[in-house]
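Colleague: Dumping the structure here so I can ask a few things about it.
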Amino acid sequence: MVMQTILTAIAEGNLRRGMERMEHNSELKNALNRVCRLEKELSATLNDTEKELLEKLDDSQSEVNQSDSQQSFINGFRLGALVIMEVFAGRDGLVLGNEEG
């Protein structure tokens, strides 16, 4: 198996950024199970028009979550880059005899 560098994986869109792996009893998995159960219970009480409205609400919430997730990734990446820049900017202070840092 050929290993890709992180930069190559980013460029080719080969990063796992979703929830592909979840522990069986994780909080996230338990929360997702509750959401599914509650959605089924609610759906059973609704007529067709109300079910359609619920589906539109769910689709809109998914769009919001996707956009928020993407922005959080971008912000985290930028923050990481700023930390690296700060580390490199202060590197001279780590060398004995240099007075900066």
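The values are calculated or read from the model by the stated rules, or taken from the named source; none is laboratory data. What you see is a predicted model, and the numbers here were worked out from it, not measured in a lab. Cβ sites come from the backbone with ideal geometry, for glycine too, and all protein chains shown count toward neighbours.
Colleague: Name the residues in region 1-60 that are of a type in the set (K, R) and either over 20 Å from the mean Cα position of the chain (by Cα) or modelled with pLDDT of 85 or more (or both), would you?
Modeller: Across region 1-60, the qualifying residues are K29, R34, R37, K40, K51, K56.
Colleague: Within region 27-73, which residues are over 29 Å from R16 (Cα atoms), without any contact (Cβ under 8 Å) to a residue 12 or more places away in the chain and surrounded by 10 or more Cβ atoms within 10 Å (Cβ to Cβ)?
Modeller: S43, L46, E50, K51, E52, L53
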